[in-house]
Amino acid sequence: MTKFLLTLHVLAAILAVGPVAVAASMFPPALRRAQADPQDTAAVASLRLLQRICSVYAFVGIAVPITGLVTAGSLHVLGSPWLIASITLTMAAAAVLIVLVLPRQEAALEAVTGESGDGTRGEPAEGAGVVTVGARAGFQLAMYTGVFNLLWAAVTVLMIIRPGSTTGA
């Protein structure tokens, strides 16, 4: 049963976190392209798709810590320092995604398209059609996404190396 749970956990991590890491990393360059030409429908469509992938897979990513905790329980390692560190880093990665990345992606998409997060168009703002998100938005998003990805890389290393583990590697 433990191998089955571990398999579910690894698959959840690959299939949920992977798309978020890639799409979030692609978002800042796509934002710069859309800011350069807000009338470029392909650039705006890419931006919209990348933001949607991040939002949906962030929700699906809840399966990763859930399956991880169940697996850790079956392995009797819930009190292990490497697991506690991994849980802490996972919570930090989730906070970066939820607090820093996703809201900024949504604001950038809204600034480029003039649509709110639910897809409805708001009242035309003064200077409609002009992107109001500054040039720094893409750089900030790239930085926050990099932090998110580094946190997940650290979790992955801890999950593989398991420093101090007595359950074998």
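Averaged per residue, the chain has 57 square angstrom of accessible surface, using a 1.4 angstrom probe with ligands and nucleic acids left out.
Considering the values (i) 38, 14, 12; (ii) 72, 22, 12; (iii) 25, 19, 17, which represents semi-axes √(5λ) of the Cα gyration tensor in Å as calculated for the structure under consideration? Given (i) 38, 14, 12; (ii) 72, 22, 12; (iii) 25, 19, 17, the structure-derived one carries the label (i).
Helix 81-95: angle to the longest alpha-carbon principal axis of the chain, degrees 0 to 90, nearest 10? Value to nearest ten degrees: 10. Helix 63-75 versus the longest principal axis of the chain: what is the Cα-based angle in degrees, 0 to 90, to the nearest 10? Around 10 degrees separate the two axes.
Determine the shape class of segment 1-45: with a ≥ b ≥ c the square roots of the Cα gyration tensor eigenvalues, call it rounded for a/c under 1.5, and otherwise prolate if a/b is greater than b/c, oblate otherwise. It comes out prolate by the Cα gyration axes.
Note on the chain: with charges restricted to the Cβ of Lys and Arg (+1) and Asp and Glu (-1), its dipole about the Cα centre is near 600 debye. The mean sequence separation of alpha-carbon pairs under 8 Å and at least six residues apart, normalised by the residue count of the chain, gives a relative contact order of 30 percent.
Relative to the longest principal axis of the Cα atoms of the chain, helix 41-60 runs at roughly 30 degrees.
Here the simple spin-label model places points 7 Å from the Cα toward Cβ, and for Val10 and Arg52 these points are separated by 3.2 nm.
Answer rounded, prolate or oblate for segment 12-110, using the Cα gyration tensor with square roots of eigenvalues a ≥ b ≥ c: rounded when a/c is under 1.5, else prolate when a/b is larger than b/c, else oblate. It is prolate, given that a/c is not under 1.5 and a/b is the larger ratio. In segment 68-117, the portion of solvent-accessible area held by carbon and sulfur atoms comes to 72 percent [1.4 Å probe, whole percent, DNA, RNA and ligands not counted].
The values are calculated or read from the model by the stated rules, or taken from the named source; none is laboratory data. Just so it is clear, the model here is predicted, and its values are computed rather than measured. Here the Cβ is made from the backbone with ideal geometry for all residues, glycine too, and neighbour counts use every protein chain on show. Side chains are part of the model used for accessible areas, which takes the heavy atoms of the whole protein and leaves out ligands, DNA and RNA. Shrake-Rupley method; radii C 1.70, N 1.55, O 1.52, S 1.80 Å.
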